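Below: the structure, in structure tokens.
Read-outs: derived from the displayed coordinates by stated rules, not from any lab. Everything numeric here is computed off the predicted structure, so don't read it as measured data. Neighbour counts run over all protein chains shown; Cβ positions are idealised from the backbone, glycine included.
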Protein chains: 2
Amino acid sequence: MSEKISVENIGALKVLTDKHFAKEQLGLSSMEVSVNRLPAGTGVPFVHTHKMNEELYVVVSGEGMFYADGEEFALQEGTLVRVAPAVERAIRAGKADLCYICIQAAENSLRQYTMTDGVISETKTAWMK
Amino acid sequence: MSEKISVENIGALKVLTDKHFAKEQLGLSSMEVSVNRLPAGTGVPFVHTHKMNEELYVVVSGEGMFYADGEEFALQEGTLVRVAPAVERAIRAGKADLCYICIQAAENSLRQYTMTDGVISETKTAWMK
């Protein structure tokens with residue numbers, strides 16, 4: 001497989017322990033991504049901000065709470081949270097383990113996307129023929 | 001909640017239908033993100049490339065196949081795939097529904113991250129006191 005494509009298998013998310021960062025292993029150049037599992041009743045032990053990077057949290061399973069600039073709100077499967085760099089943030093699990101993906105990328109860096117950046121190819125895979 | 005923070009609830013991923021894009025709703029400026037569910041036995045009906053954006057696919061549940069520049073490889077829960085912009089790509093579900101998150105962001109746009117971009121705050125949430 002070429003350097004244009006990289007693949008990593010981190011295993012079933014329900015047995016994930018702690019936090020898995022993906023940038024270095026995959027050679028990502030546009031984002032850092034972590035796949036995270038916080039055991040029920042536990043939380044990240046610090047509040048943090050960012051200098052340049054926007055963050056997006058995507059809750060994959062479980063429940064918890066998100067702290068952002070002094071407010072707290074509930075998280076459940078399918079909750080997406082965007083925070084600008086300067087926002088003070090932290091996250092914790094509730095009565096169930098909280099599994100979430102966190103992506104950081106440089107604020108205001110996206111120039112074009114989806115229909116303006118994507119190009120449909122003439123190529124067909126076996127399942128399209 | 002301020003414009004520095006935005007939240008969306010798309011519901012349980014197991015009942016997600018089709019594809020949900022998040023950028024517009026959340027006001028993301030660094031990435032476009034889709035949360036996707038392909039029913040068992042179905043696939044995206046076209047191959048595509050990108051002009052500027054790197055993509056990362058994170059498989060949340062199920063199984064399937066990834067097509068990249070003429071090669072195919074298996075996907076399972078916990079598979080992460082990075083593809084550079086010019087890679088011809090497509091994805092399909094296998095015998096189970098394939099749930100995955102796809103993130104696109106501008107290649108080579110990340111300047112600093114995690115320990116070089118993140119700043120630990122003095123603030124403590126209720127669960128840290």
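The set of residues in segment A:45-73 being outside any strand (DSSP E or B), in contact (Cβ under 8 Å) with a residue 40 or more places away in the chain and surrounded by fewer than 20 Cβ atoms within 10 Å (Cβ to Cβ) consists of A:46, A:52.
Listed conditions (1) at the interface with chain A (Cβ under 7 Å from one of its Cβ atoms); (2) within 29 Å of residue A:107 (Cα to Cα); (3) crowded, with 21+ Cβ neighbours inside 10 Å; (4) not hydrophobic (A, V, I, L, M, F, W, C) are all met by residue B:100, apart from (1). When segment B:15-48 is filtered for residues that are of a type in the set (Val, Ile, Thr), more than 7 Å from chain A (Cβ to nearest Cβ) and under 21 Å from residue B:88 (Cβ atoms), the ones remaining, listed by number, are B:42, B:44.
Give segment B:1-47 a look and list any residue that's touching a helix residue (DSSP H, G or I) at 6+ places or on another chain (Cβ under 9 Å) and of a type in the set (Lys, Arg), or say none. Answer for segment B:1-47, where residues must be touching a helix residue (DSSP H, G or I) at 6+ places or on another chain (Cβ under 9 Å) and of a type in the set (Lys, Arg): just B:37.
Selection of segment B:76-110 for residues being over 20 Å from residue A:113 (Cα atoms), in a loop (DSSP other than H, G, I, E, B) and not aliphatic (A, V, I, L, M) yields B:77, B:78, B:94, B:95, B:97. Restricting A:32, A:55 to residues that are touching an Asp or Glu at 6+ places or on another chain (Cβ under 9 Å), charged (D, E, K, R) and within 19 Å of residue B:117 (Cα to Cα) narrows the list to A:32. Of all residues in segment B:49-76, those satisfying the criterion of being closer than 24 Å to residue A:106 by Cβ and facing chain A (nearest Cβ under 8 Å) are B:49, B:50, B:51, B:52, B:53, B:54, B:56, B:58. Scanning segment A:22-44 for residues that are outside any loop (DSSP other than H, G, I, E, B) and touching a residue at least 24 places away in the same chain (Cβ under 8 Å), we see that the one that is farthest from the chain's Cα centre (by Cα) is A:43. Every condition in (1) surrounded by fewer than 20 Cβ atoms within 10 Å (Cβ to Cβ); (2) more than 7 Å from chain A (Cβ to nearest Cβ) is met by residue B:12 except one, and the failing one is (2).
From the list B:14, B:19, the one residue that fits, being among the basic types (Lys, Arg) and in a helix (DSSP H, G or I), is B:14.
Remark: pairs (first residue in segment B:78-95, crowded, with 20+ Cβ neighbours inside 10 Å; second residue part of a loop (DSSP other than H, G, I, E, B) and aromatic (Phe, Trp, Tyr); Cβ separation under 9 Å; 6+ apart in sequence or on different chains) = B:90/B:46.
Number of residues in segment B:111-129 that are part of a strand (DSSP E or B) and surrounded by 19 or more Cβ atoms within 10 Å (Cβ to Cβ): the value is 1.
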